[in-house]
Amino acid sequence: MTSSDRTTCWPKLLCFALAILGLVVGWLAVLPSLGELPLIQEQIEAMRQQGINPSAIYYSDHPGHRDWERRIQDRIIRNQRAFWP
């Protein structure tokens with residue numbers, strides 16, 4: 001690796017480091033701050049009152065997911081041609 005190769009590498013490395021730093025700051029500072037806003041707190045509480053886990057990542061974390069899956073499968077079975085032409 002020549003010295004010119006190393007100098008052209010620094011801007012890319014700096015951009016990468018800044019992108020990672022931006023993600024870390026966003027994840028650890030901005031998102032938690034947004035979660036403390038009254039509007040967001042109201043939405044979280046509304047979800048909890050409906051029995052929805054607001055921190056659920058996937059729909060399968062919700063207690064009603066088995067019912068949803070069954071209903072979807074029933075519709076697919078009844079309407080095969082709509083889903084599989």
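The values are calculated or read from the model by the stated rules, or taken from the named source; none is laboratory data. All figures in this text were calculated on a predicted structure; none of them were measured in a lab. Virtual Cβ from ideal backbone geometry, glycine too; neighbours counted across all protein chains shown.
So that you can scan it fast, the table gives a plain yes or no per residue for (1) in contact with an Asp or Glu (Cβ under 8 Å, 6 or more places away or on another chain); (2) surrounded by 10 or more Cβ atoms within 10 Å (Cβ to Cβ); (3) of a type in the set (A, V, I, L, M, F, W, C); (4) at pLDDT 90 or above:
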residue	(1), (2), (3), (4)
Asp5	no, no, no, no
Cys9	no, yes, yes, no
Phe16	no, yes, yes, yes
Glu36	no, no, no, yes
Ile40	no, yes, yes, yes
Ala46	no, yes, yes, yes
Asn53	yes, yes, no, no
Glu69	no, yes, no, no
Ile76	no, yes, yes, no
(message) Against the definition (in contact with a Pro (Cβ under 9 Å, 6 or more places away or on another chain) and either part of a loop (DSSP other than H, G, I, E, B) or not charged (D, E, K, R) (or both)), how does Ile40 come out, yes or no?
(response) no
